[in-house]
Amino acid sequence: MKWLSVLPQQCVLLMTCLLMALEAVPIDIDKTKVKGGEGHVEGEKVENPDTGLYYDEYLRQVIDVLETDKHFREKLQTADIEEIKSGKLSRELDLVSHHVRTRLDELKRQEVARLRMLIKAKMDSVQDTGIDHQALLKQFEHLNHQNPDTFEPKDLDMLIKAATNDLENYDKTRHEEFKKYEMMKEHERREYLKTLDEEKRQREESKFEEMKKKHGDHPKVHHPGSKDQLKEVWEEADGLDPNEFDPKTFFKLHDVNNDGFLDEQELEALFTKELEKVYDPKNEEDDMVEMEEERLRMREHVMNEVDINKDRLVTLEEFLRATEKKEFLEPDSWETLDQQQLFTEDELKEFENHISQQEDELKKKAEDLQKQKEELQRQHDQLQAQKQELQQVVKQMEQKKLQQGNPPAGPGGELKFQP
């Protein structure tokens, strides 16, 4: 997930508290110039990337409204992460202004209405009747469904905890999705090989091994966040003398929005030079999905090593402290994805079994739909036959009336013509 770190300097509390608690929830900030740094113009707005949460807009709106209350901002300035996560800070909501509470009430009613609409649309799609919206709202954990009309401290507490939990699981979920992607690639490759004769299969296997070898033949990749890696950026990207490398200056140069932090997006930008050693979009053997996974793993590794308070932001103090560690000067070698076993044969087999089950289910559904189609066609044919029979009977009756000398009558018994 991409970070952004934009807040007014006087509202850095939202970055350091709500944002920290919410694990990378993007908020607008006014940037303050860092001495000696080049960045955005002060007050410039940066477009917020989507957090990926299904309640993203609601979360943003709640934070924007809370940010307008002076008392709440002051409390946030002195609060720590544990106070926010524990729900202690949520009780301060009782002291915000009436205008803020009224706006929060309105936001909650809108969110409840939106969720109900989604539930109804989902149930209508399966032709469900008798929808119990109140019961179904229980599946949404970011608001108090028992009170759909007003925004209470419990709502803020639930919103923070839900967002914290969802975003903390982001990397784990991403790893699982990437593993599925790799297993699907291997599954499709093996299925394709089954369709070939022996000679073609051997050629494909040789080509596959050759591409793997070619992909693995790349320059040494520096350990992310090590002195060698940062000095390479300092020299090649920043155009500075490697002998004059200074961690503090490096930090300010790459704090591109000048907010006093290196956020996840800014960190990921530091690894471009390393990734270019391994991946080239022009090469058939290089997978750009793998490149992005490599970038995200590098960022995740550096955050785990440097981000002491786990707020997904690196301060200058944290950065400088990391440069004093032995690992900064003498890091272990970095294993790229091509050097790792991303899944086992047992995991692949289980994955293929799951795919097979899904295919069987889809096949069964297709067969059921075909049967329904045939049944509908049969009923349609019967109705057509009955219609033709009725038309024939009516025609015969009119002919019989003509033969008896009686003029044909209309549906209401009226004469169709004058004798």
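The values are calculated or read from the model by the stated rules, or taken from the named source; none is laboratory data. Small disclaimer: the values here were computed from a predicted structure and weren't measured. All Cβ positions, glycine included, derive from the backbone under ideal geometry; neighbour counts span all protein chains shown. SASA here: full protein model, heavy atoms, side chains in, ligands and nucleic acids out. Shrake-Rupley method; radii C 1.70, N 1.55, O 1.52, S 1.80 Å.
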Gain on full stretching of the segment that runs from Val393 to Glu345 - 0.36 nm per residue minus C-alpha separation: 10.2 nm
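Run the numbers on the range 211-297 and let me know its relative contact order in percent, using alpha-carbon pairs under 8 Å that are six or more apart.
Values: 60 pairs, mean separation 28.4, N = 87.
Over the range 211-297, the number comes to 33 percent.
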Cα-derived Rg to Rh of the range 155-294, Kirkwood definition: 1.11
Protein accessible area in the range 238-294, 1.4 Å probe - carbon and sulfur %: 48 percent
Computed over the range 196-343: relative contact order in percent, which uses C-alpha pairs under 8 Å that are six or more apart: 31 percent
Entries of Lys180/Lys325; Lys252/Lys282; Lys88/Lys179; Lys179/Lys220; Lys194/Lys363; Lys212/Lys364 with Cα pairs more than 28 Å apart: Lys180/Lys325; Lys252/Lys282; Lys88/Lys179; Lys212/Lys364
Percent of C-alpha pairs per 10 Å bin, the range 211-358, short to long: 10, 36, 31, 16, 6, 1, 0
Förster radius 41 Å - calculated FRET efficiency between Asp171 and Leu196 (Cβ-Cβ, nearest 0.05): 0.60
Modelled FRET efficiency - R0 45 Å, Asp241 with Thr78, Cβ distances, 0.05 increments: 0.55
Peptide ranges 169-175, 140-146 listed from the most packed, as the mean C-beta count within 10 angstrom indicates: 140-146, 169-175
Debye, to nearest 20: dipole size of the range 196-343, +1 on Lys, Arg Cβ, -1 on Asp, Glu Cβ: 260 debye
